[in-house]
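Working notes, structure below.
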Amino acid sequence: MRVALFVPCYVDQINPEVGVSVVRVLRRLGVDVTYPEGQTCCGQPAFNSGFFDEARSVGRRFLDVFERERFDYIVCPSGSCTTMVSHYYPFIFKDLPDERERSETLGQRVREFSDFLVNVMGVKDLGARLEGRAVFHTGCHQRRELGVLEEPRELLASVDELELVGWENEELCCGFGGTFAVKMPDVSTAMADEKIKALQKSGADTLISGDSSCLMHLKGRLRRTGHDTRVLHLAQVLDSGKAG
Amino acid sequence: METEKPARRRETEDRRNEGIASGVEGFNERARRAVNDQQLHDSIELFTHKSVAGRNAVLNALPEAPELRERAYRIKQETMANLDRYLEQMADAVEARGGNVFFATDGEDAVRYIGDLAREKGAKVITKSKSMATEEIELNRRLEEDYSDLGLEIVETDLGEWIAQLAGDTPSHIVGPILHMNRKRITEVLSRTAGEELPPDVEALGSFARRRLREKFVTADIGITGANFGVAETGTVATITNEGNARLVTSVPPVHVVVMGIEKLVPRFTDLSVFVRLLARSGTGQKLTVYTNFITGPRGEGELDGAEEFHLILMDNGRSKLLGTEFEEALYCIRCGACLNVCPVYRQTGGHAYGSTYSGPIGAVITPLLKGQGEAKDLPHASSLCGACWEACPVGIPLHDLLLKLRNQQVEEGLAGKAQEIAFKGFESTMKRPVLYRISSRAGRLAQKPLKKDRPLPGPLGAWTGSRDLPPLAEKSFRELWKEGI
């Protein structure tokens with residue numbers, strides 16, 4: 001199994017440890033992991049702000065980089081960035097037959113991390129161990145466009161000493177929304193506060209998600225309001241309790 | 001307790017108030033007030049929570065719901081593709097039953113038709129049942145102003161709409177017009193109308209409203225309703241209510257006027273079996289509302305009730321220009337309000353923050369489409385694009401994709417602002433060139449060194465750090481770690 005890593009730009013720059021955990025987990029399963037170094041960003045920030053030309057231009061580069069070699073799959077530790085490529089590239093390239101076909105073909109092989117583990121590798125138990133009581137936040141793209149809901153929970157259910165609990169209104173968005181977080185800061189923050197209220201009520205000491213962008217938002221608000229809740233990406237949890 | 005803010009913090013806030021160079025204003029200011037209004041927040045939570053729970057329960061109990069949604073979408077798609085033909089069919093059917101049909105290009109047209117009719121009939125009292133189309137064209141205000149010589153008394157008879165009217169307020173939700181008011185406020189408004197202190201209980205307030213509205217129902221000269229659906233094949237207008245007021249508005253006065261947006265059409269009577277099942281379930285969590293009325297023209301020979309005269313106003317008001325465009329799906333809306341109830345932005349701000357008749361995700365889509373982007377530039381940005389609206393929509397309108405297309409239209413039309421244009425040109429050149437990407441990443445790491453936590457940052461970073469901690473860039477990027485060997 002030959003897999004190319006698609007590491008979102010903010011993971012590359014802010015949370016590289018998430019990418020490292022993805023590599024370690026995949027290698028442990030015997031996957032041949034490659035990181036195409038020409039990659040930068042999928043273009044989502046421009047797309048979400050309505051700058052489709054700029055997004056298309058960055059998207060073309062993404063297609064070039066990931067088409068250069070033949071991979072069985074392209075794995076990404078983000079439901080949101082996966083969706084940008086698999087769903088929204090065909091959307092922005094709708095009227096450009098060549099790029100549209102390329103993005104549809106490539107899009108079928110881009111898989112979100114937990115989706116890849118459970119549905120491609122057929123793995124649910126990675127032998128990880130993490131003590132704590134956790135809630136899982138499903139990013140909106142992962143929930144609605146990808147429909148990958150059960151996979152992260154199945155993976156977390158096999159983590160030793162980790163108790164996964166439910167929380168109120170867990171389907172609600174965290175309020176990040178890309179540039180929304182800075183264009184509508186008050187509403188965005190109020191949305192984060194609602195998640196944090198539910199998190200507190202659940203009694204969880206750990207917040208886990210498959211999207212580092214949601215986590216960056218919630219963590220930023222948690223720390224600002226004096227909460228020390230542990231915040232982890234799914235890959236870090238699945239990589240924990242393992243030597244080397 | 002509010003303490004004096006340090007000068008620096010104030011500067012940051014001032015900058016935030018400017019709308020972060022993105023051209024977003026209006027919504028932000030109104031939303032900020034709403035977010036800080038605890039009473040409003042409680043009222044919204046109560047209403048939306050109940051609506052969502054009810055909707056989920058009845059839709060989960062309907063195994064064919066996904067199939068109905070698909071069929072509803074197809075029916076609307078077919079309707080819009082042949083709208084001219086169906087409108088003609090509807091008009092012919094109404095006229096064949098002895099009704100009058102008027103095509104109104106815009107609100108002004110519709111107001112003029114109704115005003116002239118009121119003059120001709122010597123009308124004094126007009127009763128109305130709940131209608132978003134008439135809210136959209138501000139029918140009441142314009143009739144009162146443009147036809148002030150008639151001394152018309154226009155009375156909303158849906159309880160919520162009536163209370164809003166008495167309070168000089170506007171609806172903040174398509175289905176629950178006064179969900180922003182709590183019982184205390186409602187008691188105040190009704191007590192003022194009654195001229196005495198009413199007790200704040202539902203029974204007493206309801207009974208006062210019933211007594212007062214009955215007087216209006218029986219003296220009305222004209223009744224005005226909207227239409228939940230219009231059937232092309234038969235000329236039937238469907239009104240779907242819970243209070244029964246639409247029945248009294250349509251059967252007591254001698255004249256009934258319907259103001260219907262042209263997109264409310266369905267081709268066949270049997271199509272209603274799809275839409276009626278979806279509308280009540282999605283809107284209020286009921287299998288059916290208490291009153292579902294089908295009205296076909298004026299009272300016929302040998303019929304016991306119905307108005308003597310029936311007028312159907314088919315109103316365009318900006319709708320037809322969406323036909324055949326990438327925004328056409330916005331016309332599929334059946335005004336159930338489900339997208340408002342599930343929207344995390346609406347749930348924080350309520351409807352008035354949108355500054356338009358239609359609020360929530362559908363409002364953020366159709367307001368700029370009907371009024372023009374310049375009038376509501378901020379609304380397409382009032383969404384985190386979470387897609388909860390699309391998931392809840394009984395007709396499957398991809399609302400968040402339409403918001404994205406509207407944002408793109410703003411960029412194409414040069415409405416996005418210079419600052420954003422420069423920022424995303426920069427983004428494009430950086431992300432297209434890995435070398436530049438690597439250089440800016442190093443530059444960012446160097447630049448963040450002297451940053452102190454309490455120092456106000458410019459632009460978008462300042463908007464972030466006003467309420468949230470900003471994560472630092474990592475010492476080494478993933479690509480550097482990969483090169484070193486993982």
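I'd like to know if the range A:120-139 contains one or more residues that are crowded, with 19+ Cβ neighbours inside 10 Å, of a type in the set (S, T, N, Q) and touching a residue at least 60 places away in the same chain (Cβ under 8 Å). Checking the range A:120-139: at least one residue is crowded, with 19+ Cβ neighbours inside 10 Å, of a type in the set (S, T, N, Q) and touching a residue at least 60 places away in the same chain (Cβ under 8 Å).
If you check B:Lys449 against the conditions, is it within 30 Å of B:Ile366 (Cα to Cα), among the basic types (Lys, Arg) and loosely packed, with under 12 Cβ neighbours inside 10 Å? For B:Lys449, the condition - within 30 Å of B:Ile366 (Cα to Cα), among the basic types (Lys, Arg) and loosely packed, with under 12 Cβ neighbours inside 10 Å - is not met.
Filter the range A:177-206 down to residues that are of a type in the set (A, V, I, L, M), part of a helix (DSSP H, G or I) and more than 7 Å from chain B (Cβ to nearest Cβ), then give me how many there are. Quick ask: steps written out before the conclusion?
Let us first name the residues in the range A:177-206 that are of a type in the set (A, V, I, L, M), namely A:181-182, A:184, A:187, A:190-192, A:196, A:198-199, A:204.
Narrowing the set further to residues that are part of a helix (DSSP H, G or I) leaves A:181-182, A:187, A:190-192, A:196, A:198-199.
With more than 7 Å from chain B (Cβ to nearest Cβ) added as a condition, the list becomes A:192, A:196, A:198-199.
Looking only at that region, the number is 4.
Only a single criterion out of (1) surrounded by fewer than 24 Cβ atoms within 10 Å (Cβ to Cβ); (2) more than 7 Å from chain B (Cβ to nearest Cβ); (3) under 30 Å from B:Phe478 (Cα atoms) is not satisfied by A:Cys214, namely (1).
Once the range B:378-387 is narrowed to residues that are more than 7 Å from every other protein chain (Cβ to nearest Cβ) and not in a loop (DSSP other than H, G, I, E, B), the residue that is surrounded by the most Cβ atoms within 10 Å (Cβ to Cβ) is B:Leu379. Within the bounds of the range A:37-44, is there any residue that is within 14 Å of the chain's Cα centre (by Cα), more than 8 Å from chain B (Cβ to nearest Cβ), farther than 22 Å from B:Leu385 by Cβ and not charged (D, E, K, R)? Checked against the condition, which is being within 14 Å of the chain's Cα centre (by Cα), more than 8 Å from chain B (Cβ to nearest Cβ), farther than 22 Å from B:Leu385 by Cβ and not charged (D, E, K, R), the range A:37-44 yields no hits at all. Exactly one residue out of B:Thr12, B:Thr105 is modelled with pLDDT under 95 and among the polar types (S, T, N, Q), and it is B:Thr12. Scanning the range B:398-424 for residues that are free of Cβ contacts under 8 Å to residues at least 60 places away in the same chain and of a type in the set (Gly, Ala, Ser), we see that the one that is farthest from the other protein chains (Cβ to nearest Cβ) is B:Gly414.
When each of B:Asp84, B:Asp42, B:Asp37 is tested for being surrounded by fewer than 13 Cβ atoms within 10 Å (Cβ to Cβ) and not assigned by TED's automatic domain parsing to the domain that holds B:Thr296, the lone residue that passes is B:Asp42. In the range B:468-485, the residues that are more than 7 Å from every other protein chain (Cβ to nearest Cβ) form Cβ pairs under 8 Å with partners that are of a type in the set (A, V, I, L, M, F, W, C) and part of a loop (DSSP other than H, G, I, E, B), at six or more places apart or across chains, as follows: B:Pro472/A:Ile14. Scanning the range A:140-155 for residues that are closer than 20 Å to A:Asn48 by Cβ and either touching a residue at least 12 places away in the same chain (Cβ under 8 Å) or out of contact with any Gly (no Cβ under 6 Å at 6 or more places or on another chain) (or both) yields a total of 6.
A quick yes/no check of all residues on (1) out of contact with any Leu (no Cβ under 9 Å at 6 or more places or on another chain); (2) surrounded by fewer than 15 Cβ atoms within 10 Å (Cβ to Cβ); (3) of a type in the set (A, V, I, L, M); (4) within 29 Å of A:Gly59 (Cβ to Cβ):
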{"site": "B:Gly417", "(1), (2), (3), (4)": "yes, no, no, yes"}
{"site": "B:Ala423", "(1), (2), (3), (4)": "yes, no, yes, yes"}
{"site": "B:Lys432", "(1), (2), (3), (4)": "yes, no, no, yes"}
{"site": "B:Val435", "(1), (2), (3), (4)": "yes, yes, yes, yes"}
{"site": "B:Arg438", "(1), (2), (3), (4)": "yes, no, no, yes"}
{"site": "B:Asp469", "(1), (2), (3), (4)": "no, no, no, no"}
{"site": "B:Glu475", "(1), (2), (3), (4)": "yes, yes, no, no"}
{"site": "B:Arg479", "(1), (2), (3), (4)": "yes, no, no, yes"}
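Each residue in the range A:140-166 was checked for being part of a loop (DSSP other than H, G, I, E, B) and either surrounded by fewer than 20 Cβ atoms within 10 Å (Cβ to Cβ) or facing chain B (nearest Cβ under 7 Å) (or both), and 5 of them qualify. When the range A:9-29 is filtered for residues that are within 20 Å of B:Val435 (Cα to Cα) and either not in a loop (DSSP other than H, G, I, E, B) or not assigned by TED's automatic domain parsing to the domain that holds A:Ser78 (or both), the ones remaining, listed by number, are A:Cys9, A:Tyr10, A:Val11, A:Asp12, A:Gln13, A:Pro16.
If you go through the range A:207-219 and keep only what is touching a residue at least 24 places away in the same chain (Cβ under 8 Å) and assigned to a helix (DSSP H, G or I), you end up with A:Ser212, A:Ser213, A:Cys214, A:Leu215, A:Met216, A:His217, A:Leu218.
Of the residues making up the range A:173-188, those that are surrounded by fewer than 24 Cβ atoms within 10 Å (Cβ to Cβ) and more than 18 Å from B:Ala388 (Cα to Cα) are A:Val182, A:Asp186. From the list B:Thr79, B:Thr48, exactly one residue is in contact with a Phe, Trp or Tyr (Cβ under 7 Å, 6 or more places away or on another chain) and either in a helix (DSSP H, G or I) or free of Cβ contacts under 8 Å to residues at least 12 places away in the same chain (or both). Which is it? That would be B:Thr79, the only listed residue that is in contact with a Phe, Trp or Tyr (Cβ under 7 Å, 6 or more places away or on another chain) and either in a helix (DSSP H, G or I) or free of Cβ contacts under 8 Å to residues at least 12 places away in the same chain (or both). Of the numbered criteria (1) surrounded by 21 or more Cβ atoms within 10 Å (Cβ to Cβ); (2) under 18 Å from B:Ser359 (Cβ atoms), the one B:Gly160 fails is (1).
Among the conditions (1) in contact (Cβ under 8 Å) with a residue 24 or more places away in the chain; (2) more than 13 Å from every other protein chain (Cβ to nearest Cβ); (3) within 30 Å of A:Val237 (Cα to Cα), A:Gly107 misses just one, which is (1).
In this structure, B:Tyr113 does not qualify as over 17 Å from B:Ile224 (Cβ atoms) and hydroxyl-bearing (Ser, Thr, Tyr).
The values are calculated or read from the model by the stated rules, or taken from the named source; none is laboratory data. Since this is a predicted model, take the numbers as computed values, not measurements. In this analysis, Cβ positions are derived from the backbone assuming ideal geometry, glycine residues included, and neighbour counts consider all displayed protein chains.
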